[in-house]
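Everything on this sheet refers to the single structure shown next.
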Amino acid sequence: MYNGLSLDQAPPISVVMRFFLTVPIFGFALCCIVFLDPNGVLTPTSPLSLASVHLMFLGVITMSMIGALFQMQSVLGGRSIPSALGNAFLIHLFLVIGILSLSGAFIFTLPTLFIIASVFLGASILHAANLILPLLFGEITHETLKGMRLALIALALTAILGVVMASEYANSSFSAMHDAIRSSHYSLGLIGWVATLIIAVAFQVIEMFYVTPGYSSWCKRNAFRIIATSLFLKIIWLFAALPFGWIFDLIIGALLIGFVVTTLKRLQLRKRRVSDVSIWFWGSGMVLLLNAILTYGVFYGNGYEPLQSVSLISFALFALAVILGMMGKIVPFLVWFHLNSSGYMEVPIMSNIIPHSRAKAVFSLFLLTAVMALFGVFLPEMLAVSAITGGAMFALLLFNLTQALRLYRWTLSHGTRFEQI
């Protein structure tokens, strides 16, 4: 099942878990903002809306993805991250300070916080990219690593444009290129970073975890080329103010629809027919991504603004679904692997580390939150309800993660190692 993975290069469990444990905390903070003022969150240019977007895409999505990259790069690329503990601590600390500063800057309109956010977010993201990116160009190479390269480059560029925008907010002075910078920032962040990394992960884990037919070689070989070329040309079109820039959105949208259809078909043809909550998350995520693409297309055609909110929320929920599904796989594996590799006899089986009942409860709360949030675009009261169910989901996620870590630490303290017999 794990052929081709360099498990001996995996970093300590604390490297990944510090990122994962922070995710539900930021998620809960997001839910509090949505509950207190759902109308403000739905106003695209309002401070609360901007704070909410960045809490989701930085505090929840990027936080979990960087944590996962520390693990995935090592086992897929076969090269360990230098000083993983220290670098992870620094990147995580700076990321937390930056996210809190940026959210506070939007909510309270404090120029100083924009500067602090720029320094810490820029430092954390650029350091992560500078640390991990060179390790992806080793002797081992496959399409997932190529996708991770593109995603990290896009994340670094997203951070640079974010720093530029933050300086404009701090000085309350916006350049003539502000709209082009903002659109490029969103495109690189949403498509170049989030969508690209998820596609890269899917190429590896869908076949490996669920024993499905592999993605076609054409798909693996060309997906990232199409995304990179389309984003590059779109950004040129934006800054040059050229017409017909929507063509690049159309190309990316068509590719993402192809990814959705292909992934759903692979999951349908899987050989492992056992009930697995992570499959439910992947399936839901694909449906949400399809909804995001279609509603954005309709919005672009008729300009009905609520559909833009539906599209963005659907995209965020798509990423969250994949993240929750992967956490449910990664965390039990990490606990089992690190205990097993340390020679402990009483290693719990992975299905008992996060019981199916609690994993299923997280999925049920996610599904309820997604439905309420999407309808909440038109009925803000339902958006407030989605904040309650979302808060419960993140609370249960935090409980699952802490219980898994508690089980790991208990085994370290009380377990018997083979060498002690």
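The values are calculated or read from the model by the stated rules, or taken from the named source; none is laboratory data. Note that the structure is a prediction, hence the values are computed from the model and not measured. When we count neighbours, we look across all protein chains shown, and the Cβ atoms used for this are built from the backbone with ideal geometry, even at glycine. Just so you know, the surface numbers come from the protein's heavy atoms only, side chains and all, with ligands and any DNA or RNA stripped out. Shrake-Rupley method; radii C 1.70, N 1.55, O 1.52, S 1.80 Å.
Some notes on this structure:
- Dipole of segment 185-285, positive direction: furthest Cα of Ala223, Leu255, Thr212, with charges on the beta-carbon: Thr212
- Placing one equal scatterer on every Cα of the chain and applying the Debye formula, the log10 ratio I(q)/I(0) at q = 0.06 Å⁻¹ is -0.23.
- Angle between the chain longest axis and helix 143-171 axis [Cα atoms, degrees, rounded to 10]: 50 degrees
- Taking the Cα centre of segment 4-150 as reference, the dipole from Cβ charges on Lys and Arg (+1) and Asp and Glu (-1) amounts to some 100 debye.
- The phi-based Karplus calculation (6.51 cos²θ - 1.76 cosθ + 1.60; θ = phi - 60°) puts the 3J(HN,Hα) values of segment 270-287 at 4, 8, 7, 9, 5, 5, 9, 4, 4, 5, 4, 5, 4, x, 4, x, 5, 5 Hz, whole numbers, x for Gly and Pro.
- Solvent-accessible area of the chain (1.4 angstrom probe, protein heavy atoms only): carbon and sulfur portion equals 68 percent.
- ³J(HN,Hα), Karplus 6.51/-1.76/1.60, whole Hz, each residue of segment 85-98, x for Gly, Pro: 4, x, 5, 5, 4, 5, 4, 5, 4, 5, 5, 4, 4, x
- Most mobile listed residue (Leu121, Leu231, Leu264) in the chain, GNM with C-alpha springs under 10 Å: Leu264
- Shown in residue order for segment 388-401 are the 3J(HN,Hα) couplings computed by the Karplus curve 6.51 cos²θ - 1.76 cosθ + 1.60 at θ = phi - 60°: 5, 5, x, x, 5, 4, 5, 5, 5, 4, 4, 4, 4, 5 Hz (x for Gly and Pro).
- Of Phe244, Phe174, Phe232, the one that fluctuates the most in a GNM where the chain has Cα springs shorter than 10 Å: Phe244
- The chain: angle of helix 196-210 to the longest principal axis, Cα-based, in degrees nearest 10: 30 degrees
- Look at the alpha carbon pairs under 8 Å that are at least 6 residues apart: their mean separation over the length of the chain gives a relative contact order of 17 percent.
- Acute angle (nearest 10 degrees) that the helix 63-77 long axis makes with the longest principal axis of the chain, alpha-carbon atoms: 50 degrees
- Selection among Ala68, Thr22, Leu398 by position relative to the dipole of the chain gives Ala68 as farthest towards the positive end (Cβ unit charges, Cα centre).
- Ordering His127, Thr45, Ser83 by the projection of their Cα atoms onto the charge dipole of the chain, which places +1 on the Cβ of Lys and Arg and -1 on the Cβ of Asp and Glu, puts Ser83 at the extreme positive end.
- Of Leu320, Leu242, Leu267, the one that fluctuates the most in a GNM where the chain has Cα springs shorter than 10 Å: Leu242
- Above-threshold pairs, the threshold being 29 Å between Cα atoms, out of Lys146/Lys329; Lys271/Lys329; Lys220/Lys360; Lys146/Lys271: Lys220/Lys360
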